[in-house]
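Since every read-out is calculated from the coordinates, none of them should be taken as a lab result. Computed from a predicted structure; not experimentally measured. No Cβ is skipped: glycine too gets one built from the backbone with ideal geometry, and neighbour counts run over all protein chains shown.
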Amino acid sequence: MKKFDLQLFDDGGQGEGDGQTGAAGGKGGGGSFSFEQAEEIANARAQRAEKAALASYFKQQGMSEDEITQAIRDYKANKEKQRPNVDAITRERDDARAELAKLKNSQTLHRKGVRDEDVDYVSFKVEALMKEDDKLDFDKATTKFLKENPRFANGGSGNYKVKTGTDGSGQGGNSGQGSNDAINDAIRRAARR
């Protein structure tokens, strides 16, 4: 803990004079205060001065001692009510920053061709990549993820593989094969545009 040696010096300057340290100084470190102690002393003195100034003002207004005491309590209560709630403001700021980051990340994913239904999943995976490698920002992590998982890029057009053959839902494999061929043809036509 940092300590300060508070001493009063003669008008002649520091270290000059008859060798006495002054009223606040002392032998054996009696004049040393930590920063916290000095701050506490200053705050207590400021509060006493504020209370004395208010009491003097209220006396000039013709108030009794009880009225002065109540007026000071009311003043302090109003002053406390007007003090901003720093924790609430900090939470509000952090929430707004998180919402803005989420919006920017969503725009980045859409710009890179990620479909709406895949945005949450891809965002989750990209954030996981960022936790693994703290050198990656969201844009670089998105590029890396989409390079490794191209089915999520370019809006998914032509990148999803359609399973051919029986899928277990059709009779003898013919019904499954026919529907897969139709889907494959539709994808090929869309890719040629």
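Residue order for L103, L54, fewest other beta carbons within 10 angstrom first, comes to L103, L54. Computed from label points 7 Å out along Cα-Cβ, the spacing between K140 and S106 is 2.6 nm. The phi-based Karplus calculation (6.51 cos²θ - 1.76 cosθ + 1.60; θ = phi - 60°) puts the 3J(HN,Hα) values of the stretch 121-131 at 5, 5, 4, 4, 5, 5, 5, 5, 4, 5, 5 Hz, whole numbers, x for Gly and Pro. Annotation: extensible slack from K147 through S64 equals 21.9 nm (criterion: 0.36 nm per residue apart, minus Cα-Cα distance). Model label sites at Y57 and E127, defined 7 Å from Cα along the beta-carbon direction, differ in position by 5.0 nm. Lysine pairs in the stretch 67-141 whose alpha-carbon atoms fall under 26 angstrom of each other, counting only those eight or more residues apart or on distinct chains, come to 17.
Averaged over residues, the count of other Cβ atoms within 10 Å places the peptides 136-146, 106-116, 81-91 in the sequence 136-146, 106-116, 81-91, highest first. Simple spin-label estimate for R48 and T90 gives 3.2 nm between the two label positions (7 Å along the Cα-to-Cβ direction from each Cα).
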